[in-house]
Amino acid sequence: MTEHQSSDWLGLSGRVAVVTGGGGGIGRATAVSLARAGVKVAALDRDERGLEETKAKLREFGDGHLVASCDTMSAESVASAAETVERVLGPCAILVNTAAVLRPGGLDTLPLAEWNSVLAVNLTGYFICAQAFGGQMRRLGHGSLVHVASIAASNAQGQSGAYSVSKAAVVMLSQQLAAEWGPHGIRSNVVSPGLVVTPMSQAFYDTPGVTERRTAVVPMRRIGAPQDMADAILFLASDRSSYVNGEEIIVDGGYARTLMSHVPRPGF
């Protein structure tokens, strides 16, 4: 059997991965996909009910996994989770930051508390987790961080409060981590989803007509699923992307590249 025919083509078997926001959506899809690839997974989330569902799915791939309630906005909570992960599973080699919130609102009236709460989860939480689990990667001498941002990072999304700003900052955070930690064998990259159905966006798609209208503007003519994001995340987590550092992979079916197609062109 050749290397490319191996069932462990990604070369992830036996590694330890931490997935924040692992209680649902992209986080759960990523945690399950990593477990399927032979990774020992720790899923972290504030949603304890969601974690129980994730735990049941991870159990299908053996007992070498754990779920833990964790508030990624709290350095103390993350430090406690990091200690548990290292003690139970071993040092973290892969960190996937997916935990995020959306607090819609126009910037003219957005309460400061809502601005700060979004940045605390979507940006500061990523930084706290990177510090905590990056220390374990340094001791290992290698590691991969994958942060979930959004196409809203480079395409301003009106009435979304601090969401676009937070995701743009995630891209820069990743680039800075890539530059600073690359010499230690640690890579940092971003996956930016486009239109995708997750628990956070489900309410939009529950509105009659929204799914059809959104599908019509995506070149692939479908809305993304959490698994589409998980597949890209696994690539960046693995050594198959060993020379990819500081980059952003946009996973949106081509939607972000359709700007000029909306310009009227008589005769075409």
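Tabulated results
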| read-out | value |
| --- | --- |
| Selection status of Phe235, at pLDDT below 95, of a type in the set (Phe, Trp, Tyr) and over 21 Å from Thr124 (Cβ atoms) | no |
| Residue in the stretch 236-246 that is touching a Pro at 6+ places or on another chain (Cβ under 7 Å) and among the charged types (D, E, K, R) present | no |
| Top-ranked residue of the stretch 147-161 - restricted to ones that are over 16 Å from Ser201 (Cα atoms) and among the hydrophobic types (A, V, I, L, M, F, W, C), ranked as nearest to the chain's Cα centre (by Cα) | Ala153 |
| Out of Asn122, Asn116, sole residue that is of a type in the set (S, T, N, Q) and either in a loop (DSSP other than H, G, I, E, B) or within 23 Å of Ser33 (Cα to Cα) (or both) | Asn122 |
| Selected residue (only one of Asp71, Asp63 is under 18 Å from the mean Cα position of the chain (by Cα) and either surrounded by fewer than 20 Cβ atoms within 10 Å (Cβ to Cβ) or basic (Lys, Arg) (or both)) | Asp71 |
| Hey, Ala156 crowded, with 24+ Cβ neighbours inside 10 Å, of a type in the set (A, V, I, L, M, F, W, C) and part of a loop (DSSP other than H, G, I, E, B) or not | no |
| Residue among Leu173, Leu177 that is buried (at least 16 other Cβ atoms within 10 Å of the Cβ), closer than 13 Å to Gly246 by Cα and under 15 Å from the mean Cα position of the chain (by Cα) | Leu173 |
| Hits in the stretch 111-145 - residues which are farther than 21 Å from Ala17 by Cβ, among the small types (Gly, Ala, Ser) and surrounded by fewer than 18 Cβ atoms within 10 Å (Cβ to Cβ) | Ala113, Ser117 |
| Given (1) touching a helix residue (DSSP H, G or I) at 6+ places or on another chain (Cβ under 6 Å); (2) modelled with pLDDT of 95 or more, number of the condition Gln131 does not satisfy | (1) |
| Helices (runs of 4 or more DSSP H) within the stretch 201-268 that include 2 or more residues within 23 Å of Ser154 (Cβ to Cβ), in contact with a strand residue (DSSP E or B) (Cβ under 7 Å, 6 or more places away or on another chain) and of a type outside the set (D, E, K, R) | 226-237 |
| Qualifying residue in the stretch 203-217 (condition: of a type in the set (A, V, I, L, M, F, W, C) and either closer than 29 Å to Cys92 by Cβ or surrounded by 17 or more Cβ atoms within 10 Å (Cβ to Cβ) (or both)) | no |
| Residues that are of a type outside the set (Gly, Ala, Ser) and either within 13 Å of Val118 (Cβ to Cβ) or in a loop (DSSP other than H, G, I, E, B) (or both), drawn from the stretch 137-153 | His142 |
| Pick from the stretch 91-110, criterion surrounded by fewer than 17 Cβ atoms within 10 Å (Cβ to Cβ) and out of contact with any helix residue (DSSP H, G or I) (no Cβ under 9 Å at 6 or more places or on another chain), ranking: nearest to Lys40 (Cα to Cα) | Gly106 |
| Candidates Ala79, Ala93, Ala130, Ala100 - the one that is more than 16 Å from the chain's Cα centre (by Cα) and aliphatic (A, V, I, L, M) | Ala79 |
| The one condition in (1) within 26 Å of Asp228 (Cα to Cα); (2) in a loop (DSSP other than H, G, I, E, B); (3) not hydrophobic (A, V, I, L, M, F, W, C) that Arg187 fails to fulfil | (2) |
| Selection within the stretch 159-184 - in a loop (DSSP other than H, G, I, E, B) and hydrophobic (A, V, I, L, M, F, W, C) | Ala162 |
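The values are calculated or read from the model by the stated rules, or taken from the named source; none is laboratory data. Bear in mind that the values here come from a model prediction, so they are computed numbers and not experimental data. Methodologically, a virtual Cβ is constructed for each residue, glycine included, from the backbone with ideal geometry; neighbour enumeration extends over all protein chains shown.
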